[in-house]
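The values are calculated or read from the model by the stated rules, or taken from the named source; none is laboratory data. Everything numeric here is computed off the predicted structure, so don't read it as measured data. Reconstructed Cβ throughout: ideal geometry from the backbone, glycine too, with neighbour counts over all protein chains shown. Protein only, heavy atoms only, side chains kept; ligands, DNA and RNA dropped before computing areas. Shrake-Rupley method; radii C 1.70, N 1.55, O 1.52, S 1.80 Å.
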Amino acid sequence: QVQLVEPGGGLVQAGGSLRLSCALSGSIFSLNTMGWYRQAPGKQREFAASITSGGSTNYADSVKGRFTISRDNAKNTVYLQMNSLKPEDTAVYYCNVLGYSVGYSYPRDYWGQGTQVTVSS
């Protein structure tokens, strides 16, 4: 069973910073892509950032230059450093992993429970 656990989120003033983390456990192969998605109230879930097991990164235009995704493969943990936060970054942030897991011949998506990030103006 694959699990993603995301402790913390929080409340921060505009212009501030916050760091999210997500720990992966379970039977998933190390070649995978981890990422962060977010969902604001009344909106669809959207992609924010991703990183492959080899370290290649991808960002949504809305966060490029402000957010940095990284991962520690030894700890099976992905991080999202969020700087210069804006009120429009307020959302529930979900950790995601896409990869091959035991018992499946195709890659599957797994999701964390989500963590609230609120940016006050």
| query | Mind checking which residues of the stretch 63-75 are assigned to a loop (DSSP other than H, G, I, E, B) and at pLDDT below 95? | reply | Asn73, Ala74, Lys75
| remark: Residues of the stretch 50-75 being closer than 18 Å to Glu6 by Cα and within 14 Å of the chain's Cα centre (by Cα), in sequence order, are Ser50, Ile51, Phe67, Thr68, Ile69, Ser70, Arg71, Asp72
| query | In the stretch 44-62, what count of residues is obtained for those that are part of a strand (DSSP E or B), more than 13 Å from Ala91 (Cβ to Cβ) and open to solvent by 50 Å² or more (accessible area, probe 1.4 Å)? | reply | 2
| query | Can Val102 be described as modelled with pLDDT of 95 or more and not aromatic (Phe, Trp, Tyr)? | reply | no
| message | Just checking, does the stretch 34-42 include any residue being farther than 28 Å from Tyr104 by Cα, touching a strand residue (DSSP E or B) at 6+ places or on another chain (Cβ under 9 Å) and modelled with pLDDT under 95? | response | yes
| note | Checked pairs for the stretch 25-42, first farther than 20 Å from Thr115 by Cβ, second of a type outside the set (Phe, Trp, Tyr) and loosely packed, with under 13 Cβ neighbours inside 10 Å, C-beta under 6 Å and 6 or more apart or across chains, list as Ser27/Val102
| request: Could you tell me which residue of the stretch 76-99 is nearest to Gln1 (Cα to Cα), considering only residues that are open to solvent by 10 Å² or more (accessible area, probe 1.4 Å) and not in a strand (DSSP E or B)? | output: Asn76
